[in-house]
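The values are calculated or read from the model by the stated rules, or taken from the named source; none is laboratory data. What you see is a predicted model; the values in this text were computed from it and never measured. Ideal geometry is used to build each Cβ from the backbone, glycine not excepted, and the neighbour counts take in all protein chains shown.
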Amino acid sequence: MKPRHKRFAFIGLGLLVLGVATVLILNAFQSNLVFFFTPTQVASGEVPQGRSFRIGGMVEDGSLVRENDGLTVRFIVTDTAKRVPVTYKGILPDLFKEGKGAVAQGKLNADGTFVASEVLAKHDENYMPPEAAEALAKAKASGAQQSKSLVVPQGRQGSL
Amino acid sequence: MIPEIGHFALILALCVAVVQGILPIYGAAVGNSGLMAVAKPAARGQFLLVLTAFCCLGYAFAEKDFSVLYVAATSNSQLPLHYRLAAIWGAHEGSLLLWTFILTIWMFAVTLFSAHLPDATRSRILGVMGLVSVGFLLFMLTVSNPFERLIPAAVDGRDLNPLLQDPGMVIHPPMLYMGYVGFSVAFAFAIAALLGGNLDAAWARWSRPWTTVAWCFLTVGIAMGSGWAYYELGWGGWWFWDPVENASFMPWLAGTALVHSLAVTDKRGGFKVWTVLLAIMAFSLSLLGTFLVRSGVLTSVHAFATDPKRGLFILAFLAVVIGGSLALYAWRAPRVGLGGSFAMVSREGMLLANNVLLVAAMGSVLLGTLYPLFLDALDLGKISVGPPYFDSVFVPLMTPAIFLMGIGPLAQWKKASLPDLAKRLKWAFGVSVLTALALPVVMGNWTPLLSLGLLLAIWIATTAVVTLRERLAHVSGNTLLERLRSVPRSYWGMLVAHCGIAVFVVGVTMVKGFESEKDVRMNVGETTTIGDYTFRFDGAQDVVGPNYTAARGTFSVSRDGRETTVLYPEKRRYTVQNQVMTEAAIDPGLLRDLYVSLGEPLNDGAWSVRLYHKPFVDWIWGGCFIMALGGVLAVSDRRYRIAWHRQEPAVPASTRTARRKVA
C-alpha cells in the first residue's frame, strides 16, 4: 500500500471505531436515562408505564409504617399538593426521616403504589435532595396549599 | 492575627504568581536570560508563601479559632485534632487552598529537578504553572476566601460532616489532588513545547516521569476514595458512577492515554500532536473535576446561581484555560510535526487504538456526567444517568482495549506481522480461553460476563509471562537472576501495572459474579447464613465516642462450626449535627470480605441488618495499588536517573531522598 492509501485506511478504521463507539454509547445512554417526576405529575398520569423512574418530595409526617417482617416499609411522599404511597423492602438510608426530603427510584404498580427499588437520602441533615426540593418548590409555585417553609441551604458536598 | 497573616501571604503569593506567569514567558520569547532567571526564585517564593497560608489555616483549626468562618463551618471543639486538621480540606474554600498549595509543591519540585532542561523550556513551564496559580489565587481572594472572619465569633463550630471523619478521608483528598495537580506539570510541558515550537523525543523523556508520578497519585487517590465509599457509606458498593467519582475518573482515563502516548513520543518520536492534546485534556479534566465537585453545581445547578460570582469565575477560568490552550494548540500544533509513520499492525498502531478507546470511554463518562447538568440548567427536566449506562458502555469499550494490552508489548514498533504475533501468543490465548470457560463452571456459576472477565484477566497475566520470557531471551546475562536484573525497571513497571489491571479485573468479575447480600431482621441469638458463613447476632450495646454516641452490635461469625471472627458494626449519632451514621464492620480477607452493617433498631432488641459476602473485593483496590507500584517502578528507571545525574553531578544526599519521595 502507498502511504497515502495507508493513511486513508487508518482514518477510515478510526472513524469506524469511533462511529461504533458513538452508536453504542448513545444507545446505552437512551435506554438508561432515569427521569424524575413530582408527586403532582404522578397523580396526573404523566409517568411512563413499566419503566423505572424517580419521584421525590417530602416524607409525610406520621406516614411511615413498618410491616411485621421488619424490613418492608410503607410511607407517603408528598409535594404538599399530591401524595404518592411508596413501598420499599430493605434498609432505609441513615438520613431517611419523616418530614425530610427523599428520592425514590422504582415503578408504579397497577393500584397506584410506587414500588421502590432504591431510596436515596444522602448527605447531611440540612440537605434536601435537589429533586425533592424542586418538587416542593413547583407545587408551591403552582398555588397549591403551602405547609412548611422550605429552605434549601447550600448542601455541603459530602466527599470527593 | 494569624488568619490575617495567612490572607496576606495569599495576596503576596498572587503578586509573585503574576510576575512568575509573565516575565519568564516573555523572557523566553525574546531570549532575555535575566527575565527567565526570575522563574526559579519566584516559584520557590510562591511555595513558601502558600505554605505559610496553609499553616495559618491549619493553626486556626488547631486552635479552634471559630472567629474564622471556614473553621466555624467545618469543625467543632469536640472534634479530635487530626480530624480538625483534615477539615482544612473538608469543604470548598480549604480544598482550593490545598489545591493551590499542592500546585506550588509541584512547582517547587520542578525547580529542583529541572537542571537538565534548557533555560527557555524551564522558564516557560514555571511560567505556565504560575499562570494557573494566578487563576486559583484570584479565585480564592475574590470569592472564596478561607480566612474570612465571622464577627461576632461563633461559640462553637458546626462540625465536620461525620462522613468525612475517617482516616481514609484524611489522606484521600491530598492524594487525589497530587494527581490532579500533577497533570498541570504535563500540561505546562505541553504548553511550553507549543510556545517554543520544538517538541522532540527529549521533551517526551522529560515530561514522562512527571506524568507517571501524577498518574500514580491519581490512581491511589481514586482507589482510596472508592475504598472509603465501600466501608464508610455502609452499603457495600465500591463504585457508584456518581458524578463526584466520575469527576476523578475522567482525568484518570485521559492520563492513562497520555502515559501511553508519551511512551510512543519518547521511543519513536510519534504521536506528538496527539500527546500534546492529551496533556491539555488531562489537565482540563482535572480542573473540571475540581470545580464540579467543589462548586456545589452537582448538588444543584441552581446552587451555582445563588452565588453567581463564584459560578461565573469558574466558567470564565475554565474557558480561559481550556479555550486558550486549545487555541494555542490549533495555532502552533502544525509546527510540532506529526512524527514518524507506522503500519496499522505495529506497537504504535495498537497504542493508538488503546488511546482512542480510552478517550472514547472518557467521552462517555463526560456525557453521562454533564448531560443531566445541562438539561437541568436549561430547565428541560431532571434526569439521572444510572450505573447500567456506564456498565454497558465500559464493557464493550474496555474489552478490546484490554485484549490489545496483551498484544501491544509483544508487537514490534513500526511494523509487526499478525501471523507472527498469533504464533507467539497461541499458548497464552489457548490457556486463557480454556481457564476462563472452565473456572466459572467449577465454581458453579457460569455467566458470559464472568467468563469474559476471567478471560481478560488471565489473558493479561499469560501474555505478560510470554512478554517477559521473550524479553529475557534478548538480554545478556548468564544466570536467570542476572537476566532478570538487566531488564530495565521501566519495563518491569509496565508489566506490573498491566498485571495490576488483571488483578483489578479479577476483583470486579468475582464480586459481580459471586457476591451475596441479605437484608434481614435479626433477634438477639438468631443466626443467618450467607455464603458458607453463619452470623449470630449477640445483641447491641450503647457506647460513647468523643463526639458521638452509638449502638454497637456484636456478631459472631462461624464457618463449619468453627468461629471465624467477631464483628462490631455501629450505628452512630453525631451529636453536633444530630446526624446518624452507619459504621460497617468488615472482616477483610484475600479471598473474601465479610461485611455487616446495622439498619434500624426494631422492637425487643432486634435490628434490621444487612450482611454481605464479597469474594475477592479487596483485589479491586489491590489492583489499583499494583498499578501505581508499576508507575513507581517505571519512574525509578535508570534512564531518568542518568539524565538527572549527568546534568547535575553534585546532588546533595538530602535532595536525592527528596526526589525519591516525590517519585
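If only one of B:Leu434, B:Leu380, B:Leu481 is surrounded by fewer than 14 Cβ atoms within 10 Å (Cβ to Cβ), of a type outside the set (Ser, Thr, Tyr) and part of a loop (DSSP other than H, G, I, E, B), which one is it?
B:Leu380
Would a scan of segment B:568-589 turn up a residue that is away from chain A (no Cβ under 14 Å) and among the aliphatic types (A, V, I, L, M)?
yes
Looking at B:Ser486, B:Ser476, B:Ser490, B:Ser432, can you tell me which residue is modelled with pLDDT under 90, of a type in the set (Ser, Thr, Tyr), more than 30 Å from B:Tyr595 (Cα to Cα) and under 35 Å from the mean Cα position of the chain (by Cα)? Give the steps one after another, and end with the answer.
Working: B:Ser476 fails: under 35 Å from the mean Cα position of the chain (by Cα); B:Ser490 fails: modelled with pLDDT under 90; B:Ser432 fails: modelled with pLDDT under 90.
The unique qualifying residue is B:Ser486.
Consider B:Leu404 carefully, then state whether it is over 23 Å from the mean Cα position of the chain (by Cα), modelled with pLDDT of 90 or more and either in a helix (DSSP H, G or I) or of a type in the set (Gly, Ala, Ser) (or both).
yes
Which residues, counting only those in segment B:366-394, are within 27 Å of B:Leu452 (Cβ to Cβ) and facing another protein chain (nearest Cβ under 10 Å)?
Correct list: B:Leu367, B:Gly368, B:Val385, B:Gly386, B:Pro387, B:Pro388, B:Tyr389, B:Phe390, B:Asp391, B:Ser392, B:Val393, B:Phe394.
From the set of residues in segment B:393-418 that are among the aromatic types (Phe, Trp, Tyr) and within 15 Å of B:Leu358 (Cα to Cα), which is surrounded by the most Cβ atoms within 10 Å (Cβ to Cβ)?
Just the residues of segment B:393-418 that are among the aromatic types (Phe, Trp, Tyr), to begin with: B:394, B:403, B:413.
Adding the requirement that they be within 15 Å of B:Leu358 (Cα to Cα) leaves B:394, B:403.
Numbers: B:Phe394: 16, B:Phe403: 18.
Out of the qualifying residues, it is B:Phe403.
Rundown of residues vs (1) assigned by TED's automatic domain parsing to the domain that holds B:Met581; (2) modelled with pLDDT under 95; (3) crowded, with 18+ Cβ neighbours inside 10 Å; (4) of a type outside the set (Ser, Thr, Tyr), yes/no style:
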residue	(1), (2), (3), (4)
B:Leu98	no, no, yes, yes
B:Thr104	no, no, yes, no
B:Val134	no, no, yes, yes
B:Met140	no, yes, yes, yes
B:Asn145	no, yes, yes, yes
B:Ala153	no, yes, no, yes
B:Asp159	no, yes, yes, yes
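Whether any residue in segment B:433-454 is assigned by TED's automatic domain parsing to the domain that holds B:Val508, under 30 Å from B:Gly270 (Cα atoms) and either out of contact with any strand residue (DSSP E or B) (no Cβ under 8 Å at 6 or more places or on another chain) or not acidic (Asp, Glu) (or both) is what I want to check.
no
Take segment B:581-608 and flag every residue that is of a type outside the set (Phe, Trp, Tyr), touching a residue at least 40 places away in the same chain (Cβ under 8 Å) and in a strand (DSSP E or B).
First, the residues of segment B:581-608 that are of a type outside the set (Phe, Trp, Tyr): B:581-594, B:596-606, B:608.
Cutting the leftovers down to touching a residue at least 40 places away in the same chain (Cβ under 8 Å) gives us B:581-584, B:586, B:592, B:594, B:596-599, B:601-602, B:604-606, B:608.
B:Met581, B:Thr582, B:Glu583, B:Ile586, B:Arg592, B:Leu594, B:Val596, B:Ser597, B:Leu598, B:Gly599, B:Pro601, B:Ser608 - these are the residues of segment B:581-608 that are of a type outside the set (Phe, Trp, Tyr), touching a residue at least 40 places away in the same chain (Cβ under 8 Å) and in a strand (DSSP E or B).
Test of understanding: among B:Gly45, B:Gly6, B:Gly34, B:Gly27, which residue is of a type in the set (Gly, Ala, Ser), closer than 22 Å to B:Val143 by Cβ and either out of contact with any Phe, Trp or Tyr (no Cβ under 6 Å at 6 or more places or on another chain) or at pLDDT 95 or above (or both)?
Exactly one residue qualifies, and that residue is B:Gly6.
Among the residues of segment B:210-221, are any among the polar types (S, T, N, Q), more than 17 Å from B:Ala584 (Cβ to Cβ) and over 13 Å from the mean Cα position of the chain (by Cα)?
The answer is no; no qualifying residue exists.
Regarding segment B:508-516, can at least one residue be identified that is surrounded by fewer than 18 Cβ atoms within 10 Å (Cβ to Cβ) and acidic (Asp, Glu)?
No: segment B:508-516 contains no residue that is surrounded by fewer than 18 Cβ atoms within 10 Å (Cβ to Cβ) and acidic (Asp, Glu).
Confirm whether B:Arg124 is among the basic types (Lys, Arg) and closer than 25 Å to B:Asn161 by Cα.
no
Is there a residue in segment B:569-587 that is over 30 Å from B:Asn76 (Cα atoms) and either at pLDDT 95 or above or not assigned by TED's automatic domain parsing to the domain that holds B:Trp238 (or both)?
Scanning segment B:569-587 turns up at least one residue that is over 30 Å from B:Asn76 (Cα atoms) and either at pLDDT 95 or above or not assigned by TED's automatic domain parsing to the domain that holds B:Trp238 (or both).
More than 30 Å from B:Ala628 (Cα to Cα), within 36 Å of the chain's Cα centre (by Cα), away from chain A (no Cβ under 14 Å) and not basic (Lys, Arg): which single residue out of B:Val557, B:Val508 fits that description?
Sole residue among the options that is more than 30 Å from B:Ala628 (Cα to Cα), within 36 Å of the chain's Cα centre (by Cα), away from chain A (no Cβ under 14 Å) and not basic (Lys, Arg): B:Val557.
Out of A:Leu24, A:Leu13, report the one residue that is under 18 Å from B:Leu357 (Cβ atoms), at the interface with chain B (Cβ under 8 Å from one of its Cβ atoms) and either surrounded by 21 or more Cβ atoms within 10 Å (Cβ to Cβ) or touching a Ser or Thr at 6+ places or on another chain (Cβ under 9 Å) (or both). Even if it seems obvious, please write down each step before you answer.
Details: A:Leu13 fails: either surrounded by 21 or more Cβ atoms within 10 Å (Cβ to Cβ) or touching a Ser or Thr at 6+ places or on another chain (Cβ under 9 Å) (or both).
That would be A:Leu24, the only listed residue that is under 18 Å from B:Leu357 (Cβ atoms), at the interface with chain B (Cβ under 8 Å from one of its Cβ atoms) and either surrounded by 21 or more Cβ atoms within 10 Å (Cβ to Cβ) or touching a Ser or Thr at 6+ places or on another chain (Cβ under 9 Å) (or both).
Only one residue in B:Phe390, B:Phe313, B:Phe291 is part of a helix (DSSP H, G or I), surrounded by 20 or more Cβ atoms within 10 Å (Cβ to Cβ), in contact with a Phe, Trp or Tyr (Cβ under 6 Å, 6 or more places away or on another chain) and at pLDDT 80 or above. Which one?
One residue alone meets the criteria, B:Phe390.
Looking only at segment B:69-91, how many residues end up being surrounded by 23 or more Cβ atoms within 10 Å (Cβ to Cβ) and under 17 Å from B:Phe136 (Cα atoms)?
Number satisfying all stated conditions: 2.
Out of all the residues in segment B:348-364, which are within 21 Å of B:Ser286 (Cα to Cα) and within 10 Å of chain A (Cβ to nearest Cβ)?
B:Val356, B:Leu357, B:Val359, B:Ala360, B:Ala361, B:Gly363, B:Ser364
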